[in-house]
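Peer 1: Please read through the structure below; I'll follow up with questions.
The values are calculated or read from the model by the stated rules, or taken from the named source; none is laboratory data. Keep in mind it's a predicted model, so treat the numbers as computed, not measured. Note that each Cβ is placed from the backbone with ideal geometry, even for glycine, and that neighbours are counted across all protein chains shown. SASA here: full protein model, heavy atoms, side chains in, ligands and nucleic acids out. Shrake-Rupley method; radii C 1.70, N 1.55, O 1.52, S 1.80 Å.
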Amino acid sequence: MRSTLLDIAREAGVSAATVDRVLNNRPGVRDRTREIVFDTAKKLGYLATAPSWAGQSSAKIRLDFVLPVGTNTFIRMLHEQLSAQGAARPQLDVSVSSIEGFNPDTLAHTLHDLHGKTDGVGLIALDHPTVREAIRALSANDIKVVTLATDILHVPRVAYVGIDNRQAGRLAGYVLGRLLGAGQPRKVAMFAGSLSYRGHQEREMGFRHVLAEEFPNLEIVELREMRDDRERAYAEAAALLDRHDDLAGIYNIGAGNQGVARALRERKLEHSVVFLGHELTEGTKQLLLEGTMDGVIDQNPRVEAREALNLLEHAVRNLPYEGHPPRLHLILKENIPEV
């Protein structure tokens, strides 16, 4: 039986309307999508050869990444890796933009503005209805999407690129519990960038579950959001330490480690309060070496950038790709790798 438009659409991963526009040489379809549709139509026997006006385009694949702005060093490192690795791939045109990270409407507006301008989008995204709808709209227009560092469920994305954040929170809880011991009652506190990020929610959940399961003597006295801002982290940590002069441990889910460390040093608590956080940077490396931080749970921005670029490029080209997600690493003073 002769293939139909629906067969081509299903095989090419596009809508039947897109196939119709391509085969009838109508506007409104990106060059790369046209190539995929023609290749699929020939493979399925719908076309013996591509029409004369269906020449192969030499246009690069355009990829856009949207990251939050702020004092988060990990985000800056990821920004640099995406830009550098993208520039090293002549077949790609990679753009990385920064926006205010805690406003879902700003993010959704930015995503809507990318319609008709890009082939693929990578983003660190708030899990919010306006953002989810913006991602669905991108997908409906054959724009491929990957989420980075923190995931969003129930949206049509190619993949999530990042660590298992629930596992990361459990690891932090286990390490903190082992360092403080399972005997006498102790107070601990948590800081988060924003619980609007699913990844931060998952870390909190994992941390709480491990303490409840294995270290019921540890009481979480407070959870504060710091918006990944160093100065706000300092202010929140200083106020916390003044309220709880017997605090035994701190787990920082997000950024702002330098602010927390400053508050600890001012009160001469840097060697008595167990302090765990995330991401190995030059700043956290120094905090580990001086003993202010006891451990860092790391995800590698170089690997995340590489995987995001690979996944999006293969998805746009309609080619299979087996991803290699970043691994979860616990970094202590004695095993610090080169940053």
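Peer 1: Is it fair to say LEU240 is closer than 14 Å to VAL274 by Cβ and either more than 22 Å from the chain's Cα centre (by Cα) or in contact (Cβ under 8 Å) with a residue 12 or more places away in the chain (or both)?
Peer 2: no
Peer 1: Consider region 204-214. How many of its residues are open to solvent by less than 10 Å² (accessible area, probe 1.4 Å) and either under 12 Å from GLY162 (Cβ atoms) or in contact (Cβ under 8 Å) with a residue 40 or more places away in the chain (or both)?
Peer 2: 3
Peer 1: If you don't mind, another one. Consider ARG232 carefully, then state whether it is out of contact with any strand residue (DSSP E or B) (no Cβ under 6 Å at 6 or more places or on another chain), open to solvent by 40 Å² or more (accessible area, probe 1.4 Å) and without any contact (Cβ under 8 Å) to a residue 60 or more places away in the chain.
Peer 2: yes
Peer 1: Go through (1) surrounded by 21 or more Cβ atoms within 10 Å (Cβ to Cβ); (2) closer than 22 Å to ASN310 by Cβ and name the single condition ALA108 misses.
Peer 2: All conditions are met except number (2).
Peer 1: Return the residue satisfying two criteria in turn: it lies in region 215-224 and is assigned to a strand (DSSP E or B) and open to solvent by less than 70 Å² (accessible area, probe 1.4 Å), and of such residues it is nearest to ASN72 (Cα to Cα).
Peer 2: Per the criteria, the residue is LEU223.
Peer 1: Now for a different question. Among the residues in region 268-275, are any under 15 Å from ALA172 (Cβ atoms), in contact with a strand residue (DSSP E or B) (Cβ under 8 Å, 6 or more places away or on another chain) and in contact (Cβ under 8 Å) with a residue 60 or more places away in the chain?
Peer 2: yes
Peer 1: Tell me, please, whether a residue that is at pLDDT 90 or above and β-branched (Val, Ile, Thr) can be found in region 43-57.
Peer 2: Here is the first cut: in region 43-57, the residues at pLDDT 90 or above are none.
Within region 43-57 (the criterion being at pLDDT 90 or above and β-branched (Val, Ile, Thr)), the answer is no, since none of the residues qualifies.
Peer 1: Which one is farthest from the chain's Cα centre (by Cα), of the residues in region 17-28 that are surrounded by 14 or more Cβ atoms within 10 Å (Cβ to Cβ) and free of Cβ contacts under 8 Å to residues at least 40 places away in the same chain? Working first, answer last.
Peer 2: So the first thing to find is which residues in region 17-28 are surrounded by 14 or more Cβ atoms within 10 Å (Cβ to Cβ), and the list is 18-23.
The next check asks that each one be free of Cβ contacts under 8 Å to residues at least 40 places away in the same chain; those that pass are 19-23.
On the way: VAL19: 33, ASP20: 36, ARG21: 35, VAL22: 34, LEU23: 37 Å.
Selected residue: LEU23.
Peer 1: Pairs needed: first member in region 68-90, within 16 Å of GLY101 (Cα to Cα); second member anywhere, among the polar types (S, T, N, Q) and open to solvent by less than 50 Å² (accessible area, probe 1.4 Å); C-beta distance under 6 Å; at least 6 residues apart or different chains.
Peer 2: THR73/THR281
Peer 1: Taking into account only those residues within region 174-203 that are aliphatic (A, V, I, L, M) and open to solvent by less than 10 Å² (accessible area, probe 1.4 Å), which is nearest to ALA125 (Cα to Cα)?
Peer 2: Among those residues, the one meeting the criterion is ALA192.
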